Amino acid sequence: MTLLIKYTLIYGIVLMLVALGGCFSEHSGVINIALEGIMVVGAMAGLLVLVMLPSSIVAFWRVFLSIASAALAGLLYSALLAFASINLKADQTIGGTALNVLATAIALVLVKRYNNGLGGTQSPKLSFANGDFLFTIGPITVNVFLFIGLILLVVAAIVLYRTRFGLRLMACGEHPQAADSVGINVYKMRWAGVLISGFLGGIGGLAYIVPAAQIWNFEVGVSGMGFLALAVMIFGQWKPGRIFLAAMFFAVFKALANIYDSTFLSALNLTKEIYNMMPFLASMIILAFTSKKSRAPKAEGAPYDKGMR
Amino acid sequence: MKKKNTSPLLERTKGGLTSVIAALICIVIGLIFGLVFLFILDAEHAWKEGFVPIIQAGFRNVGNETLKKVGMNWATVGQEIVEAAPLIMTGLSVAFAFKTGLFNIGAAGQYTVGAFGGLFCAIVLHLPWWACLLVATLFGALWGAIPGLFKAYLNINEVITSIMFNWIGLYAVNTLIYNRGNGVMYNLKQSQTYALKDVSPRSLIPSKLFGWDMYGTFKYGSISIAIFLAILVAVVILVILNKTTFGYELKACGHNASAAKYAGINEKRSIVLAMVIAGALAGFGAGLYYLAGGAQWDPQNSTALPSAGFDGISVALLASLNPVGCIFSGLFISHLSTGGAQMTQIYFPSEIADVVSGIIIYLCAFSSLFKGKILSLLSRPAKAKEKATEQTAKEKEGNEQ
Amino acid sequence: MKLADYVIEMLNITKIFPGIKANDNITLQLKKGEIHALLGENGAGKSTLMSVLFGLYQPEEGCIKKNGEVVEIRNPNDANALNIGMVHQHFKLVECFSVLDNIILGVEPNKMGFLQKADARKKVLELSERYGLKVDPDAIVEDISVGMQQRTEILKMLYRENEILIFDEPTAVLTPQEIDELMQIMKNLAAEGKSILFISHKLAEIMAVADRCTVLRKGKYIGTVNTKDTTVEELSAMMVGRQVNFKVDKKPSEPGEVVLDVQHVTVPSKIHKNNAVKDVSFQVRRGEIVCLAGIEGNGQTQFVHALTGLDNLSAGTITLCGKDITKASIRNRSKAGMSHIPEDRHKHGLVLDYSLEQNMVLQRYWEPQFQRSGFIKFDAVREYSDRLIEQYDVRSGQGSVTIARSMSGGNQQKAIVAREIDKDPELLIAVQPTRGLDVGAIEYIHQQIVAVRDAGKAVLLVSLELDEVMNLSDRILVMYEGEIVGQFDPKTVTVEELGLYMAGAKRMEV
């Protein structure tokens, strides 16, 4: 049971962080299907920094620097989406897909390159020590991302609902012409929304890998977590509080895949893949039932053109 | 003005030419970025061990004297051809859905499920190759139908459904094949599915075409008539889209779903059918690859979706959604990834080819931006005249908006 | 008169769009505290001129002065800074925001970026009290009436302390009561010293509320008059350039057997819980044009959608030539003899990216005439399209192969009319067939519709234009809030009488 809670918290926070990222991007009016790729890039950057830092560095800085570089890498990578979809008015879905393809390729090239430098191997795997990220509270091992995630959740909710920035951001995703007519720079707000999603997505990528493993094969990317986060965002109706709940709900399924064989579930004799499949299946079933009352931002997906009124 | 003053054929060629130029621009920019990337990674070897092999790709060995002696110098070209067939098909799959206004990001899942169907019929049922291919197609069609149904009847965006069912398909196929090592199709010794040539040779797509033994020419193991089947299908798709009432209906839905509905076209049916066909094309592509012995499925290591599905997006976009164009762009993408493997791997990982291909899709996403520019360059002389007619037309209307 | 008597002057404004001079040397001068109407037909250049004033477009020539000083307005921010505000024809409101949030958007009171809504709420309530603009600041915009949405837009301007208020066709979407309220509000605002520009093509409203009126026609300045010194007739003549007479030459109608029989049709609304169409019953016979008249948004669109199969109805039956088509598909309705000139030619009428010939067979591509075992007979399509183009005088750059998007609105509409009439239908449903078209095209389309009637077919015309209703129809049905509230003979009823029914002031049992 403690194991279930442990993994649920790990995956729940990841899904929440990334879904919050998607939430900012979509509230500004840009569909961010590149979250998967952003996670990969964030994870890759964070891990490379982690393994390259000299061992003399104190634990705090090691953690801080790797998380900061994951966030920064995600942010920079998301700028590619912002540029294509906001300035060049590209199809957001295609642009996002391209970035997903690109992310895995770049990560593999860089990781292999790094390993090559170490010992001439062409391995796509990175091994790392994650001890600095973990703490124990009573019987449960938790990781630093739990705290970061909860803080960011509160911040996200406040920013969206209590600040001028949040009000303007949401106006751009709902009715950019209206926002423009009262002097809000739609392009700027959308850039902000996408960059925030990159920031959160980058952290999410690292948060997915570091606490639960000590070696990671970048050939699998982040195995669909970014896409799952999109489902979490939809299920959470683009609202931070609900996104948190939805993320935890999906995380339970995902966690089961990791621990099923050590619980009563092993009697069911299902394979790991079936548990891996469950969150995706669950998201489809839920979407099928909730699709009618979707509250997606109205203008999402449509490039905003100042000239077209 | 009632008389046609411009030949429609000329207009069409101009449109086609624009698309080709736009594609070439995407490719060139993509390659330049790739080159820059190579230089950043290792400037010393970037050109000779990196860029040149990417460009030469399969043709790098054609002039190799050692290989010539054993007749193997065309083998990597054969490999390019083998890998191109599934790419052409997934490209067609994406392009076909696009024509109906749907983004089939699910080609990867349809491909996966199709591969399973084909391999099952081959390894377990020992059916002849054409039957296996048919089943692969049907499995792909089934997997394509799901997002179509979700879209048509629940109004859930096909992109999100396709993505979810990509993963569902992947996990399902892996668990069915592996089944903790007990799967009937799973060869524990090789930790992948049984090789068709060992367990069911008649399920292999033949390599002889009208007496021409393709294997004899290329000396590449899994060379087969698959590429010709892919080309044939591309032509069929072209005909369906441009010459039939069915294609007319699908394209009408893609351009303007409301108008299609007004015209009495059943747009729900069109959506589902378009996705079924798109899925079938992807499944067929998987059949062409796995039934030619191009690879065996490794359920333990295949924890990421097959890249053929996503490469299909590049193929389709690069071809400007033209089915025949997909043949060429499919061959190109295959050339590129073969090129990636031709680089000296101690310096450069083969994924650099994927980086280039990713950049190309990224560029394709806004290629319409420079398409307009190219078109205006191409039609500069005719422009003055057009403007004049446009002006009279607009003045007549005098509409403020 | 001293220059400073004018708060805003737009002098010699010229604005050119590719292929069209939308504003040609137009001058407009607005006095402080006056209500100044800007009158003109669709396409006269009113909206363009206002967009120039609001900073949405830059003029090629001319200048704008405020209080006698030349100003540059490059974007809506500049306009705001000059205290110019605008209520757009299509409201610029974020539907899922509250009224208050919409009002403060862009000028949010805040401390370090955190919203301080309490003060804003107080100010909004004060303003709403002072000008008689009833709103609930906490209501969500998508839940409130169109009238309250408009008041929200007005409050947006007042909250920003705008002095010059532009109203772009503000009455088009309102009920008569709401129009009266708005007129009163505008007078209050003017009395408080605000200067108002009021864009309209409704003469009665202008006479009722405006002090002066500037008239535009086809992008040109025609003149400015005091409403006290003019008449509706004079304004009308200035607006259209001649005494227009939309009289259509037609013989008296000889109604024959019933073609369309609609009984108790009820259609649910997609926006609110009420029904959009309530228990509507009527018949259309051969050889007559029946017109469904009414103010926009009274259920006509929903009724036509249910009639043509684009949407479902919740109760009632529809019979066409004796055949029950209540549940028939769109294709089967078409086969049964129904033709439909849709209200929105870009949304429903045409596939804009298809060529003209492909659009010409949009309803018929499946007929054996145009296909053999699923393959389109391109020669037959071309031949047919060429004939329609010739016969109905559809003009386009490259004939049959022209992409529909590149054609002018009038010719797009002609193509649709040609396609629908040439199907030789039993019943022609024409919804706003002449909207946004020039006089020549309107006359042409009217003649075609009469010709259909004279060929012994039934015609159901749905129109918002009273001129069209009076001149074209043989029988008028008035629709108000989803119900038929009156039936008239155009030869005996007056426009004023019709207006009372359309506004819901009177009704009869039909």
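Readers should treat all values here as calculations from the given coordinates under stated rules, not as data from a laboratory. All figures in this text were calculated on a predicted structure; none of them were measured in a lab. Glycine gets a Cβ as well: all are built from the backbone with ideal geometry, and neighbour counts include every protein chain shown.
Before moving on, here are some points about what is shown:
- For the residues of B:157-166, the average number of beta carbons from a partner chain within 10 Å of their own beta carbon is 6.
- The mean number of partner chain beta-carbon atoms within 10 angstrom of a residue's beta-carbon across peptide B:111-119 is 0.
- Label sites at B:Thr217 and C:Val248, each approximated as a point 7 angstrom past Cα along Cα to Cβ, lie 6.8 nm apart.
- Each helix, a run of at least 4 DSSP H residues, gives -39500 (n - 2.57); summed and divided by the residues of chain B, these come to -23000 deg cm²/dmol at 222 nm.
- If a spin label sat at a point 7 angstrom from the Cα of B:Asn155 along the line to its beta carbon, the backbone N atoms of region B:90-109 nearer than 20 Å would be those of B:101-103.
- With helices as the sole contributors, chain C gives -9500 deg cm²/dmol at 222 nm; each DSSP H run of n ≥ 4 counts as -39500 (n - 2.57), and the sum is divided by every residue.
- Given B:Lys48/B:Lys219; C:Lys31/C:Lys218; B:Lys268/C:Lys323; C:Lys187/C:Lys228; C:Lys335/C:Lys423, the pairs whose alpha carbons are separated by over 19 Å: B:Lys48/B:Lys219; C:Lys31/C:Lys218; B:Lys268/C:Lys323
- Taking other residues whose beta carbon is less than 12 angstrom from the beta carbon of C:Ala336, and scoring Lys, Arg as +1 and Asp, Glu as -1, yields +3.
- 222 nm mean residue ellipticity, helices alone, for chain A (DSSP H n ≥ 4; -39,500 (n - 2.57); rounded to 500): -23000 deg cm²/dmol
- Here is the tail figure for region C:329-381: Cα pairs spaced more than 18 Å apart come to 39 percent of all pairs.
- Annotation note: trypsin sites (Lys or Arg not before Pro) in region B:253-345 located in DSSP loop regions with a Cβ neighbour count of at most 11 within 10 Å are absent.
- Label positions at C:Lys32 and C:Thr494, each projected 7 Å from the Cα along the C-beta direction, are separated by 4.3 nm.
- Packing-based order for C:209-216, C:375-382, A:61-68, using average beta carbon neighbours within 10 Å, highest first: C:209-216, A:61-68, C:375-382
- Ranking B:Ala97, B:Ser334, B:Tyr362 by Cα position along the charge dipole of chain B, where only Lys, Arg, Asp and Glu carry charges on their C-beta atoms, puts B:Ala97 farthest toward the positive end.
- Dipole of region A:2-293, positive direction: furthest Cα of A:Phe133, A:Val155, A:Leu287, with charges on the beta-carbon: A:Val155
- FRET efficiency for A:Leu118 and B:Asn64, using Cβ-Cβ distance with R0 set to 35 Å, rounded to 0.05: 0.60
- Under the Karplus curve 6.51 cos²θ - 1.76 cosθ + 1.60, θ = phi - 60°, whole-Hz ³J(HN,Hα) for region A:63-78, x wherever Gly or Pro sits: 5, 4, 5, 5, 5, 4, 6, 4, 5, 5, 4, x, 4, 5, 5, 5
- Estimated inter-spin distance, C:Asp454 and B:Asn179, nm [label 7 Å along Cα→Cβ]: 7.9 nm
- Using only side-chain charges placed at the Cβ, +1 for Lys and Arg and -1 for Asp and Glu, the dipole size of the protein assembly as shown relative to its Cα centre rounds to 2000 debye.
- For C:Arg405 and A:Ala79, a Förster radius of 25 Å and the Cβ-Cβ distance give a FRET efficiency of 0.15, rounded to the nearest 0.05.
- Using the Cβ-Cβ distance between C:Gln89 and C:Glu129 with R0 = 30 Å, the FRET efficiency computed as 1/(1 + (r/R0)^6) comes to roughly 0.65.
- Other-chain or far-sequence residues with amide H under 5 Å of C:Ile341's (modelled H): C:Ile429, C:Ala430, C:Val431
- Other protein chain C-beta atoms within 10 Å of residue C-beta, averaged over A:103-110: 6.
- Stokes-Einstein, applied to the Kirkwood radius of the protein assembly as shown over Cα pairs at a viscosity of 0.890 mPa s and 25 °C, places its translational diffusion at 73 µm² s⁻¹.
- Total charge dipole magnitude, chain A, about the Cα centre, Cβ charges on Lys, Arg, Asp, Glu only, Debye to nearest 20: 600 debye
- When the Cα positions of A:Gly22, C:His264, C:Thr317 are compared along the charge dipole of the protein assembly as shown, A:Gly22 comes out farthest toward the positive end, with charges on each C-beta of Lys, Arg, Asp and Glu.
- Dimensions of region B:1-155 from C-alpha coordinates, computed as largest minus smallest value along each principal axis and given longest first, are 66, 57, 33 Å.
- Scalar couplings 3J(HN,Hα) for region B:275-280, obtained by applying the Karplus form with A = 6.51, B = -1.76, C = 1.60 to θ = phi - 60°, are 6, 4, 5, 4, x, 4 Hz; x denotes Gly and Pro.
- For region A:1-120, the ratio of Cα radius of gyration to the globular rule of thumb 2.2 N^0.38 Å stands at 1.21.
- The charge dipole of chain B, taken about its Cα centre with unit charges on the Cβ of Lys, Arg, Asp and Glu (plus for the first two, minus for the last two), comes to roughly 1280 debye.
- Amide H contacts under 5 Å for C:Ala315, placed H, 5+ residues apart: C:Thr266
- Reachable aspartates and glutamates from B:Lys251, criterion Cα separation under 12 angstrom, eight or more residues apart if same chain: B:Glu267, C:Asp353
- Residues within the reach of a label modelled at C:Glu367 (point 7 angstrom out along Cα to beta-carbon, backbone nitrogen below 15 Å), restricted to region C:301-337, are C:331-337.
- Globularity ratio of chain C, using Cα Rg and 2.2 N^0.38 Å: 1.07
- Sequence-distant residues sharing a close amide H with A:Asn143 (under 5 Å, placed H): A:Phe135
- With distances taken between every two different alpha-carbon atoms, chain A has a Kirkwood hydrodynamic radius of 19.7 Å.
- Greater than 30 Å apart at Cα, pairs in C:Lys327/C:Lys491; A:Lys89/C:Lys92; A:Lys298/C:Lys347; A:Lys298/B:Lys261; C:Lys21/C:Lys156: C:Lys327/C:Lys491; C:Lys21/C:Lys156
- Couplings 3J(HN,Hα) of region C:454-466, computed from phi: 5, 7, x, 9, 9, 10, 10, 9, 10, 8, 9, 8, 5 Hz, in residue order, whole Hz [Karplus 6.51 cos²θ - 1.76 cosθ + 1.60, θ = phi - 60°; x for Gly and Pro].
- Dimensions of chain B from C-alpha coordinates, computed as largest minus smallest value along each principal axis and given longest first, are 78, 54, 44 Å.
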